[in-house]
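Derivation of every value follows stated rules applied to the coordinates shown; laboratory data play no part. Predicted model, so just to flag it, every value in this text is computed and none were measured. Note: ideal-geometry Cβ built from the backbone for every residue, glycine included; neighbour counts use all protein chains shown.
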Amino acid sequence: MYETRKKHRFAAAVFSALLCLGLCIPPAWAADGEQTLIPLGKAVGIKLFADGVLVVELSQLDGGVSPAKTCGLKEGDLIVRINDEKIQSTEHLQAVLQANGEAPMQLEIKRGSAVLHEEITPVRCGDGVYRLGAWIRDSMAGVGTLTYYDPATAQYGALGHGITDVDTAKLMPLASGSIMETTVKAVRKGAEGSPGELKGDFSVQRDVGTLQANTDGGIFGTVSDADFVPTAKAYPVAENGEIHTGAATILATVSGDVTQEYAVEILRLYPENRATRNLLLRVTDPQLLETTGGIVQGMSGSPILQDGKIIGAVTHVLLNDPTRGYGIFIENMMDAAG
């Protein structure tokens, strides 16, 4: 069976220095030598297109056969080429299958860092369509939050975690992508055992930046429309050792396009090797608790501020207590950006 699935989830990169007139532009720095960034907390729509098509599930065709399983395909594999032809999308793969018919095909597959080559023979099903016995996906889209912007380089960081496939839980391989202007139209409030969600309006889509990298520590790219980023105060970047338990704030957009600052408490710090879960925080702001119930999907990337510095970004919510969630240290997030 050849099928496609396009589900939207951001569970959500490495960006090289911006070049202008052939010169590398350095990041912004405070007078005392500390690097500074503008914390944003601005909701955006995010589109990501895979470098090939991702296998998300194997299935059986008529008669119980599965060419994909027989040839050794696995969930999480990326089909990059068929008979030396680069696969651009699910629609492209379908067209190649129908043109090929029942003849054996040569697949080029990426499995992690390995590149494999396998032969597969499509099966003609009862409806006349040739299929492989695999569900595949080529793109994802959803709402996330911009963490920071560097006005010296036009670089941004967002989410604080990578964009992963909903079925395989693997990092989505990036070919291209963009961030879009969006407005938060509704909030599904979080409750114990049921994570909430920000719902954005993409009816008037306007790309405002490019997406160049998708990493475990966040997504990164360049803002192409300077008017999209508000003129705001730049904050020094905190070193990991400066971060402590106690009062802090986050910036988030939970209604329309208005970003507000909300009170939180940092409850615990974790070793730096805990990937995107370097700190545990609790939302204490009455207004945010009333609106969202705490942390909801779409707020990933909300910058965390403490003692006049940007210290990290919200990354996850606790399923059994939406008032609490995890965050990544800003230094670790920036390390992921390269």
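Once you reduce region 62-107 and region 281-298 to the center of their Cα atoms, the two points are 45 Å from each other. Across region 50-61, rounded Karplus estimates of 3J(HN,Hα) from the backbone phi angles (6.51 cos²θ - 1.76 cosθ + 1.60, θ = phi - 60°) give 6, 8, x, 10, 9, 7, 10, 6, 9, 9, 9, 9 Hz, Gly and Pro being marked x. Highest mean first, the peptides 184-191, 275-282 sorted by other C-beta atoms within 10 Å per residue fall in the order 275-282, 184-191.
Taking a ≥ b ≥ c as the square roots of the eigenvalues of the Cα gyration tensor, region 60-132 is oblate, since a/c reaches 1.5 or more and a/b is not larger than b/c.
Amide H contacts under 5 Å for V208: I179, M180, E181, restricted to partners 5 or more places along the chain or on a different chain, H placed in the peptide plane at 1.01 Å from N.
What does the highest-first list of 101-107, 324-330, 210-216 look like by mean Cβ count within 10 Å? Display every interim value, and only then the final one.
Working: 101-107: 14.1, 324-330: 27.0, 210-216: 20.6.
Top to bottom by mean Cβ count within 10 Å: 324-330, 210-216, 101-107.
Each of A95, G126, V65 was placed along the dipole of region 60-132 (beta-carbon charges, centred on the mean Cα), and the one lying farthest toward the positive end is V65. Using just its DSSP H runs of length 4 or more, each adding -39500 (n - 2.57), the chain gives a mean residue ellipticity at 222 nm of -2500 deg cm²/dmol after division by all residues. So what is the diffusion coefficient of the chain in µm² per second by Stokes-Einstein at 25 °C and 0.890 mPa s, using a Kirkwood Rh over Cα pairs? This corresponds to a translational diffusion coefficient of 116 µm²/s. Using a cut-off of 19 Å between Cα atoms, the listed pairs K47/K189; K199/K233; K42/K185; K199/K309 include K47/K189; K199/K233; K199/K309 as exceeding that distance. In the distance distribution for region 42-101, Cα-Cα pairs more than 16 Å apart total 57 percent.
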